[in-house]
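Undergrad: Quick one: the structure is below, questions incoming.
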Amino acid sequence: PLLFCSLHYLQTCNFPKNLSFLLSSLSSLSRFSPALIARMLKNKATSLPPLLLLPLLLLLSSSAVIYGVHDKKTLSVHNNIWSPRHSSYKASSTCCFSPTTLGNGRASTTLEMKHRQLCSGESIDWDKKLRRTLFLDNIRVQSLQLRIKAMTSSTTEQSVSQTQLPLTSGIKLQTLNYIVTVGLGGKNMTLIVDTGSDLTWVQCQPCRSCYNQQGPLYDPSVSSSYKTVFCNSSTCQDLVAATGNSGPCGGNNGVPKTTCEYVVSYGDGSYTRGDLASESILLGDSKLENFVFGCGRNNKGLFGGASGLMGLGRSSVSLVSQTLKNFNGVFSYCLPSLEDGASGSLSFGNDSSVYKNLTSVSYTPLVQNPRLSSFYILNLTGASIGGVELETTSFGRGILIDSGTVITRLPPSIYKAVKTEFLKQFSGFPSAPSYSILDTCFNLTSYEDISIPTIKMIFEGNTELEVDVTGVFYFVKPDASLVCLALASLSYENEVGIIGNYQQKNQRVIYDTKQESLGIARENCSIG
C-alpha cells in the first residue's frame, strides 16, 4: 500500500516535493515479488519522469535478486542446544537405547541413531567441543589423504603402519559422530558408525589395555556362540586381503600362532589390536550368526565411551558384505541434526517403506576405482549457490562420501568458486576472523533469523544433494560471535574431496552396493 500510495502521489502531485516520500518507501520493495513490482510500475508509473524510473528499475533489479533468482532459506541463529540460551541442556546418561525395528515383513531392519556427544551423561562445554571438533577433523582428513595416496601409489613397498590398514576414518574421537546400539552375543554394544571402516570391533575381556567406555566390556567367556577364527582359515586370509596386514599369523620366537590376530592403526597413534572371532549379532530384530568381528584386547584412543566401531565399508570383512544375503547389499542412514538433539536412523535392506523421505529418491552411480575399493566415491559434476550454477573446469571428478568426516572438503578451485558466489549473496553481515580450516566467517550475535543461500551439490545423472539449512554454517562459538561457512578447501588440487556428515544431515542416503549406486532424498531425520 505504501508503494502504491507513493506512485499515486508522483502522478497527481508535485513530484520534487514528494521525492523524499518515495525514497523513504522504496525499502519496502524487498517484500514484493519482482512480477508484482513490475505490474505496479506498469499500472501506476508509466508517466513517471526518467529521473525516477531509473532508481525504480534499479531497485526492481536488486529486488529480483533478493526475491526470485537466489534461493534462500531461513536459519534461526540461537535456536540450538549449544546456544547460551539453552545452557541447561544435559546429555543422556547412556548411549544404550533400544534398537527400533521397522518394516513390513521384508528383509529390512532399522536402528535408532544418535549423535555420540549427546550420550556422555555430562554437561557439555560447547565452546570447547565445537572448536576441538574442527581440530580433530582436520587430523582425520589428513590421515585419509595419506591413506588414499598410499593406496593409489605405484610403489609396492609400504611402512608397517601403512600395511596395517585400514587407517579407516581415523578415529580421533569427536570426529566420528554417530552411534547405534546392537546386540553382540546377547549384550548391548554401542558402536560408532563409519562408512570408511571395514572391520567391526569391540573392546573385549580380558583386556590388557582398554580405554574407558560406558557400560561393561564384551566378555566372550560368557557367550556360547563366540568362536575363535584360526590362522589357517579362509576368514583370516580375507582379513589379510581387506586390511593389507601381511602377517597376522607369523608367530613369536618360533612359536606359531593359532588364532588370527588383527591390528588397526590410526594416524594419531590410536589403535585397536586383538583376536578375530565370530559371534551372533542382533540388528534390530534380525539375528545373524557367525558374524566376523574384532575382539579388541589392546585399544588406545579417544573413542568417546563407545564399545567399538561398526565398519560399513566395501571389503569382504565389512558388515555390509557379511550381510549381503540378508539385506541384499543395501543400507541407508538419515543423520539427525545435533542442533535439537534428535535421533536418526540406520536401516539395512531395500524396504523403502521405512523411509520418510520428503522428495523422491534420485540415484547416482558409484565410481569404480580398484585402488580405492573400500571407499564410496561419487562423480561431482556441478554445484550451485542460491540457484546460481558455478562454473569451473574442476567438476567431473571423484569425491568421497563419508559418515565419519565432519566438514566437507573441496578441491581449491571448486572451493574458491563456492566461496566467491556465497559472499556475493550473503553480504552485509559483519565479518569475523578465520578459524582452523574455516575461512569464511561472520559475527551473527545480534541476529535472530537470517536468510542464507541454498547450497546444492550435483552428481552424475543430475542427482542433487541440497544441504540442509543447519549444515551451511558451523558455529565455532556457541554465542554466534564466530559462525563460519561449513566448507573447507583441500590443500592441493590433486587431493580427493570428501562430503562430510555435516552436509548430509536430514537426508536419506542409500548405499546400494549390488547395483553400484547411491540414492539421495530429503528427509526429516527424527524418529521416536
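Undergrad: How many lysine pairs does the stretch 353-522 hold where the Cα atoms are under 26 Å apart and the two sit 8 or more places apart or on different chains?
TA: 17
Undergrad: Just to confirm a number: summing +1 for Lys and Arg and -1 for Asp and Glu over residues other than Lys187 whose beta-carbon lies under 14 angstrom from that of Lys187, what do you get?
TA: Values: positive: Lys287; negative: Asp219, Glu279.
With Lys, Arg at +1 and Asp, Glu at -1, the net is -1.
Undergrad: Give, as ranges by residue number, the residues of the stretch 293-328 whose backbone N falls under 17 Å from the point 7 Å along Cα→Cβ of Gln237.
TA: 316-317
Undergrad: Still on this structure, please answer the following. Summarise the accessible area of the stretch 353-522 (1.4 Å probe, protein heavy atoms) by the percent that is carbon and sulfur. Intermediate results must be reported in sequence, preceding the final value.
TA: Values: 2970 of 6260 Å².
Roughly 48 percent of what the probe reaches on the stretch 353-522 is carbon or sulfur.
Undergrad: Could I ask something else about it? Restricting to DSSP loop positions (anything but H, G, I, E, B) with no more than 11 other Cβ atoms inside 10 Å of their own Cβ, which chymotrypsin sites (Phe, Trp or Tyr not before Pro) remain in the stretch 474-522?
TA: Working: sites: Tyr474, Phe475, Tyr492, Tyr502, Tyr511; in loops: Tyr492.
Passing sites in the stretch 474-522 are Tyr492.
Undergrad: Give me the 1.4 Å probe accessible area per residue for the stretch 353-522, excluding ligands and nucleic acids, in Å².
TA: Per residue, the stretch 353-522 has 37 Å² of solvent-accessible surface.
Undergrad: Would you please report the Å³ per residue occupied by the convex hull of the alpha carbon atoms in the stretch 353-522?
TA: On the way: hull volume 22.1 nm³, N = 170.
Taking only Cα atoms, the stretch 353-522 has a hull volume of 130 Å³ per residue.
Undergrad: Now for a separate question. Work out, step by step, the length gained on full extension between Ser76 and Lys149: first 0.36 nm times the residue separation, then minus their alpha carbon distance; give nm to one decimal.
TA: Working: separation 73, 0.36 × 73 = 26.28 nm, distance 4.06 nm.
Extra length available between Ser76 and Lys149 comes to 22.2 nm.
Undergrad: Any idea how far apart Phe429 and Asn462 come out in nm if each label point goes 7 Å out from Cα toward Cβ?
TA: Roughly 3.1 nm, to one decimal.
The values are calculated or read from the model by the stated rules, or taken from the named source; none is laboratory data. These figures come from a predicted structure and were not determined experimentally. Glycine also receives a Cβ, built like all others from the backbone with ideal geometry; neighbour counts cover every protein chain displayed. Surface areas here come from the heavy atoms of the whole protein model, side chains and all, with no ligands, DNA or RNA. Shrake-Rupley method; radii C 1.70, N 1.55, O 1.52, S 1.80 Å.
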